[in-house]
Structures are given as structure tokens and as C-alpha cells.
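Take a look at the structure set out below.
What follows is calculated from the coordinates using simple rules that are stated; it is not laboratory data. The model shown is predicted, which means the values in this text are computed figures rather than measured ones. Methodologically, a virtual Cβ is constructed for each residue, glycine included, from the backbone with ideal geometry; neighbour enumeration extends over all protein chains shown.
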4 protein chains.
Amino acid sequence: MSADIYPHLKASCADAWEAYIHHAFCRQLANGSLPEDCFRHYLTQDYLFLIHFSRAWALAVAKAEHLDEMRHAVTVTDALLNHEMALHVKYCAEWGLTEDQMAEVAEDPANIAYTRYVLDRGHSGDLLDLLVALAPCVIGYAEIGAWMVKHPDTRIEGNPYRAWIEMYSDAEYQEVAAGARGLIEKVAERRIGAEPIASGRWNTLRQTFETATRLEIGFWDMGLAPARG
Amino acid sequence: MSADIYPHLKASCADAWEAYIHHAFCRQLANGSLPEDCFRHYLTQDYLFLIHFSRAWALAVAKAEHLDEMRHAVTVTDALLNHEMALHVKYCAEWGLTEDQMAEVAEDPANIAYTRYVLDRGHSGDLLDLLVALAPCVIGYAEIGAWMVKHPDTRIEGNPYRAWIEMYSDAEYQEVAAGARGLIEKVAERRIGAEPIASGRWNTLRQTFETATRLEIGFWDMGLAPARG
Amino acid sequence: MSADIYPHLKASCADAWEAYIHHAFCRQLANGSLPEDCFRHYLTQDYLFLIHFSRAWALAVAKAEHLDEMRHAVTVTDALLNHEMALHVKYCAEWGLTEDQMAEVAEDPANIAYTRYVLDRGHSGDLLDLLVALAPCVIGYAEIGAWMVKHPDTRIEGNPYRAWIEMYSDAEYQEVAAGARGLIEKVAERRIGAEPIASGRWNTLRQTFETATRLEIGFWDMGLAPARG
Amino acid sequence: MSADIYPHLKASCADAWEAYIHHAFCRQLANGSLPEDCFRHYLTQDYLFLIHFSRAWALAVAKAEHLDEMRHAVTVTDALLNHEMALHVKYCAEWGLTEDQMAEVAEDPANIAYTRYVLDRGHSGDLLDLLVALAPCVIGYAEIGAWMVKHPDTRIEGNPYRAWIEMYSDAEYQEVAAGARGLIEKVAERRIGAEPIASGRWNTLRQTFETATRLEIGFWDMGLAPARG
């Protein structure tokens, strides 16, 4: 069952999507030229991001109207909170960042803008609005990981960010993202039917996806800026 | 702009709708035979109901995605809290009920069930889900008022409930209800388009309307039962 | 860290608590005299209950302000949706109820009243309001299981409801309930400090607990009534 | 009845508060040196801001637990949507901006960050968390208006921003802000009692106020930057 909404969403803001997926932050990460303190700043904000990202997935559980949707969303939320955050903390430790330090840092406005926008789409709209706001992150990271491992400019050997590239290009993450995409398609089918563009909601959904993509670009911009204290 | 969703919703649960609109509580109210302590019990619960009903309309403001929707919903909320509740309190005083007394009474489970169901539909779904859950109350009361003034068994002169009948059959309330219906049709058009039954959401919307109607019946049943303390 | 709020909550509505914990439904279940179709009605509504109970725990994840709270709540939500619901369905099958059948049944108003009241306390208040509304269910069931196995009138051998009694008196469930109580105490300490009764919120919290207890009584009342079709 | 929480909140982040209240945007506005296209950019974003600010006040209605709180909040929401937005649109027209134009502009991330942060504090916390997140805007603007009219560097005659200065220094707006402050004090008293700093929640409330203040600074920073298209 699929509404095939995702390709339409991406196509509706192709320039923003391109700017997000191939952002300078990603390109520098792929070829290893990203300054290390940019990466540390990003890692710290990503730690704070994961907390609110988990909250958004928990909200999806509370908003779902079918058991299969609830189970999918709670499995993601549980994995994030009880598994992936620990991995992230362990990885950050390799970069000299302790969890206590990161928990003390103020969230960057670009971080707040994206996470709270997603949560607000969830509260103001329905499950589909929420999932469309989450899509650029969940599925976008898989696309970023996928182009990185195949791109000629990517350096794997000796790249300090190798573990990051491998995590998001890995089959395990690709599968998580494919699962999330499947969930979006199923909910789109249930909430608007097989022709998303013909729906009265299309314009709202398109705007949500574009705004979320724009805020992801802001997250990378933040990653390129040196930490502010 | 209209999706004409309301007639479809009513038709989808015609028996429950009939049981609600022509409930014994309403018939006894129309012919004046309703025991007065039933009416007092109803008035008290209705006072508590109005508080949570106002909260549901406020939630509609927070969930709306267009200024015209927000303005409609806030006008209703403001009228309820800053005007109609005072009228209700004044009317209750004529029945010997003070606001302090009513505020002390515990909400009846039937009251809780309906108001919190509406609020939950608002939180789990989008503005359309919320408005469909509100519809049986807002629009249904206008239909009840309308049949009452025309029905041969209705007694106006000397009916202790005359003011109630006149309030809901009055042009002013009929207009409020027509406005609410217009809002639902507009939001339905915007969220699912011109053919509500063809939408993937139809089954959910239909269930919401039926459940809300069923809970309205429970509210009348409560009205017929003597107060529990 | 503990505010010791739970004993105060129970003491503040001792009669209602007693009426809930030792309800006729529970006593008949303990001595095996409960009519089987009452139990089947209860099992079906409990299936529907678990869905909205899970949503309330998911809401707790979204509302939590500390990682330990989020992790506790998501672990409960995940266990409910990915483990306990399957056990419940399996148990219901032994009583001749299939999941498809149960999913088709309309929620009883008493069921709607309790679950949506809890969700509404979560949406209108903070995490503490939500947890206090959940407490009568989570912790109450452990108290019910605990008295049942020790009570002289309880029949274990040959009791058709033996499995139910054993599940809630079992160390595993007692531990889940103790964990939930610990969470409430911790959140109470963080949100209102060590003296809950002195807090400006005490009256609201007390009312929430009493209302939730009252709605649990309504759930048992529903369990005693024959299924309505 | 007052918890006197507001002075404590300001004192807890005195530097950020100072940076917000006397921001370069405000100083240039007061002496008339602010570039006009900065002001137009600000006006447009402020139009979009008012929509989500209204939603936050509507959420306060839905979350309130006392009728006086509900009435206060709905009066503010109604005034914003049915009165102040029209005034703002009229004022913007004098600057050559039409409502249709403004409604088309994408929200600046700094705008999204602040409004959605406030809404999220409302959804995750209770009414007090929400009001504390709203305070820097509602009350802060009155403080800004107040210093402007008294400051020696302020130019009133011939200042293109004279109307703005007069609006926020005017007795009418000062009264609105005083009312909002009264509401916060009342809710603080009800939710945490007379000693806010002794409350278990103090640290969370302090952080909320500081973050909201920081995001207000971001809003002024945005105002100084030229429009991005």
C-alpha cells in the first residue's frame, strides 16, 4: 500500500533538497576536510537533537490510529533512547566530549528551530503532518550516507569522520530509513489516498517538507560555524 | 467551497443520530414532562461541560492553519467563555443553582467521556478530526431546537423548559450552528477535498462522528438519571 | 529522591480507593464467581484500553524533561505495545476472543472516560499531572493482585480467572508497578519538591487522582454489566 | 495573590535580558537610524509571528485549569486575532507591505525557533511553563517601549518608527503587559506557591525564560539582517 508521496515531496523543493543533501558540511565531512571543532560542535548539538527527535517519535505513537503504526513508532523511539543515544555518547567520547558536558551546552537556535518545528507540526496537524516534517532527517541522512560512499571525492581511509560515513551508509541505517519511508507511504495512503498531489492537503504537506528541509540546511550551516561558547 | 461532508456523516450513523436528536430527554423537555431534578442535574453538568467545550474550541484555534479558521474558532471560544457561560449561570440561578455549587460538583463520567473524547480527537488528529468530533454537539443542538418548535407534542406556554427550547431554536443559535457547519465544510474541503467519502480518512471520520453521537446519547441518558449526590 | 506523594494521594480519597481496590468485580474474580461473559466483556474492553494506555505512556515520553524519565516511559510503552498486548491477545484467544473481533467492538463510554481523561490530564498539565492520572491503574492493579493472593476468600485451584490473579500478583508485575511508583515520586520531587501537600498544586493533583480512581470504579462497573452487543 | 516570580526570572539571566531589551535593533529604532529595509523585514516576520503567538495564547486557554485564567487568555487571543492583527496589517500597509505579500514570505528560522519553542514548552509542560516562555515577549516589549520614551537618545519628532515606539510605550500596551504579568504571578502562585526559587521546578522555569530571552535576541538579530529574499 503506497501513496508514493515521498518522491513528490522531494521534487516539490528540488533546489532546497539538493542544497541540504550536498551541503558543504557533508562534502567536507566526506573528504575529511571539515575542521574538527565544527564536527565537535555538530556532535554536541546532535546529542541535544536526539532528545527532541525521540520526543517527536513518541508523539507519533500517541497520535497513531493503527496498532502497526504505533508499534513502528515506539520501536524507533525505544531504539533511539535505549540504544542509539548510548552509541552516540560513546562515539562522542572518542572525540573528547562527555555526556555531562554536552548536556550542559545550550541548544543552538538552528537546532531549536528544526526540532520544535517538527513537534509543532505534530501537535497542530495529524500523524501524516508529523511524519512529513520528520522525513528530511530520517530519510535524508540515508541519502547522504548513500552518496558519500559512492562519490569519487570521498575519502574513507584516514578520514577522521569515517565512522560517521559508515554509520549512515550502512545497511542497518538504510533499512531504518526505508522502514520510515514505508511508514510515511502507508499513513499517506490511509490519510489522503493514492494520489497525494490531488489532495486538498498537498500544499500544506509540500510546505512542511520544504520548511523542514530548509531547517536541516540551517542545521548544517550551524555545523560549519565555530561553536559559540 | 464545500465538501458537503456533514450530510454524509449523519447518514453514516442514521440510527444513532436519530436516537440522539429525538432522545427521551429531549422529548420530555419539549412537552414539559421532564422531572425538574433531572433538568437541574443536566444544567450542572452542562456548566462543567461548557468549560471543556471551550477548551476544545481553543484547541481548534491552536491547530488551525488559516487565519479565517483561527478567527472563527477564537470568536466561538471568546463568546463561550466571556458571554454564554455568564448567560448559563444566570439561567441556572433561576433554577436555584449557584455557580459555586455547580463548580463543586464532580463531573459525571458521561460528561468526561464526551468532552475528553473530543479533546483527544483534537490532539491525536488534525483540525478536521476535532471539528467532526465537535459537530454532533454544535450542530445537533440546532437540529434539536428546530424540531422542538415545530413538533405538535411540544408545549411552549407554561413549559418550565421554554427558555431552553427558545434558546436553541432561536435564529441566533441557528446561525452559530450554521457557521460551525460552514467551518467544517471548509476545513474538510481543504484537508480532504470535494469528495469526503472517497478519502482514505473517511472511515476514521465516520467513526469519530458516530462515537461522538453515541457519547451525546450518553449525556442525555445521564440527564434522565437522578443526580448522584 | 522521593516526595512520598503516593500515600498522600491514596489517603486523600480513601473511600473511593477502597471501593476501587475491593470492587465486587475483583472479589468475584478472586473467588471465581464472576460470570464468564462479564469477564469476556472486560477482556475485550481491556484490549481497547491497552491501546490508549500505551498512547498515554508515549505522551509521557514526549512530555518528560529528563532522559531517565524518557527512558523509563518508553520502556513501558514499548513493553506494552510489542510484548504485553500480544500476551493479552493470546490470553483472550483462550477465552474464545480473536483480535479481529475485539478490534471491531465499540469502546464502552466508561473505557473512553478513563483513557481520554488520562490523556487530557497529560495534555493540559505536565508530566506529573499525567503520571498521577495513570497511577490508579498502574499501581492499583498491583495492590489488587497483592490482596487477592493473600485473601482467605480467594480460590486459586479451579478458578477460571487464576491466570489473571497470578499475572498481577506476580513478582514481575509488582516490580513494574514499583518502578512506576518510583517514577512518580521522582517527578513529584522534581516538579513540586519534598512536601507535596504544601504545594500550590496539591488540590489539583488530589482531584486528578480521585477522578481517575472514580473512573476506574466505572471500569469495574462496566465489567459487571453484561456486554451490550 | 503573587509569587513574585517575574523579577526572579529576569535576575536569573540579567545579561541576556539586558542584551535583549537594549539590543542594537531597539536602539536604532529609538534614534531613527535603523535602515528601512531592516524594519520592513522585521514587520513581515512580525506578521507571521503574530499568527503563532496567537496559537500559543489559544493553547493557554486549552491548558488553563481555572475559569479566570481561561478568560484572560481567550481575551488576549481574541484581541490578537480579531483586532491587533488588523492594526498591524494597516500599519504595514503604510510601509508598502500588503497582507498577501507578507503571508507569502517564508518564516525566518529565528522566528520559527522562538514561536515553536514557546508552543513546545506549552505542550511539554503546564500552563506555567507556557506563560514563562511567553513572558519575555509580552512583558519585554512593554519594558522596551518604556525605556524608549524616556531615553535621551530617543528621537520622536521625525523618527520614521515613531508609531512603533508610541504603541509599546502607550498606557494601553503597558496595561496589557501588566495584566499578563499578573496572570503569570497568579498561575505561579497556584502551581508552585509563594516561593518560586525554593520550588523543584525553579531550574526548569529559569532555563525556559533564559532560552526564550535568547531567542528574542535572535529575533532582533534577524531584524538587523537584510531580508533574504
_Please list the three semi-axes, largest first and in whole Å, of the ellipsoid equivalent to region C:31-74, using sqrt of 5 times the eigenvalues of its alpha carbon gyration tensor._
34, 11, 5
*Which loop-located trypsin sites (Lys or Arg not before Pro) does region B:172-229 contain, where loop means any DSSP state but H, G, I, E or B and the Cβ has at most 11 other Cβ atoms within 10 Å?*
B:ARG228
*Per 5 Å bin, what percent of the C-alpha pairs of region D:1-113 does each bin hold, from zero upward?*
2, 10, 14, 15, 19, 19, 13, 7, 2, 0
*Separation between Cα centres of region D:174-209 and region B:178-229, rounded to whole Å*: 38 Å
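Given the rule -39500 (n - 2.57) for each run of at least 4 DSSP H residues, summed and divided by the residues of the protein assembly as shown, what is its mean residue ellipticity at 222 nm, to the nearest 500 deg cm²/dmol?
Mean residue ellipticity at 222 nm (helix-derived): -24500 deg cm²/dmol.
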_Give the lysines reachable from C:LYS150 as a straight Cα distance under 22 Å; neighbours fewer than 8 places away on the same chain don't count._
C:LYS10
*Which shape class applies to region A:139-229: rounded if a/c is under 1.5, otherwise prolate when a/b exceeds b/c and oblate if not, where a ≥ b ≥ c are the square roots of the Cα gyration tensor eigenvalues?*
oblate
*Kindly state, as a whole number, the per residue volume in cubic angstrom of the convex hull around the alpha carbon atoms of region A:19-223.*
119 Å³
*Take the alpha carbon atoms of region C:1-69, find their center, do the same for region B:91-150, and report the distance between the two centers in whole angstrom.*
27 Å
*Can you tell me the FRET efficiency between A:ASP170 and B:LEU224 if r is taken as the Cβ-Cβ distance and R0 is 45 Å, rounded to the nearest 0.05?*
0.10
*Provide the FRET efficiency to the nearest 0.05 for the B:THR98-C:GLU195 pair, computing r from the beta carbons and using R0 = 25 Å.*
0.15
*Under 1.5 on a/c is rounded, so check that first for region C:65-115, then, if it is not, pick prolate when a/b is larger than b/c and oblate when it is not; a ≥ b ≥ c are the square roots of the alpha carbon gyration tensor eigenvalues.*
oblate
_Using 0.36 nm times the number of residues separating C:ASN31 and C:HIS66, minus their current alpha carbon distance, what extension gain do you get?_
8.2 nm
_Dipole magnitude (debye, nearest 20) for region C:19-223, charges at Cβ of Lys, Arg, Asp, Glu_ = 520 debye
*Please give, to one decimal in nm, the separation of the simple spin-label points placed at C:GLN207 and C:ALA178, each 7 Å out from Cα toward the Cβ.*
3.5 nm
*Where in chain C are the helices, taken as whole DSSP H runs, whose Cα atoms extend 30 angstrom or more along the long axis and whose Kyte-Doolittle mean reaches at least 1.0?*
C:127-150
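Averaged across C:60-72, how many Cβ atoms of other chains sit within 10 Å of each residue's Cβ atom?
Averaged over the peptide's residues, the number is 6.
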*asked:* Can you compute the charge dipole magnitude of region C:72-143 about its Cα centre, using +1 on each Lys and Arg Cβ and -1 on each Asp and Glu Cβ, nothing else charged? Give it in debye, rounded to the nearest 20.
replied: 140 debye
*Can you list the lysines whose alpha carbon sits under 21 Å from that of D:LYS63, skipping same-chain ones fewer than 8 residues off?*
A:LYS63, B:LYS63, C:LYS63, D:LYS186
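By its C-alpha gyration tensor, with a ≥ b ≥ c as the square roots of the eigenvalues, how is region C:1-53 shaped: rounded for a/c under 1.5, else prolate for a/b larger than b/c, else oblate?
oblate
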*Using 1/(1 + (r/R0)^6) with R0 = 22 angstrom and r between the beta carbons of C:HIS83 and A:LYS90, what's the FRET efficiency to the nearest 0.05?*
0.25
*Which of the chymotrypsin sites (Phe, Trp or Tyr not before Pro) found in region A:115-210 are loop residues per DSSP with 10 or fewer other Cβ atoms within 10 Å of their Cβ?*
none
*P(r) of the protein assembly as shown in 20 Å steps, Cα pairs, percent per bin?*
13, 46, 34, 6, 0
*For region B:113-170, which trypsin sites (Lys or Arg not before Pro) are in a loop by DSSP, counting at most 11 other Cβ atoms within 10 Å?*
none
*Nearest 20 debye, what's the magnitude of the dipole of the protein assembly as shown about its Cα centre given +1 on Lys and Arg Cβ and -1 on Asp and Glu Cβ?*
0 debye
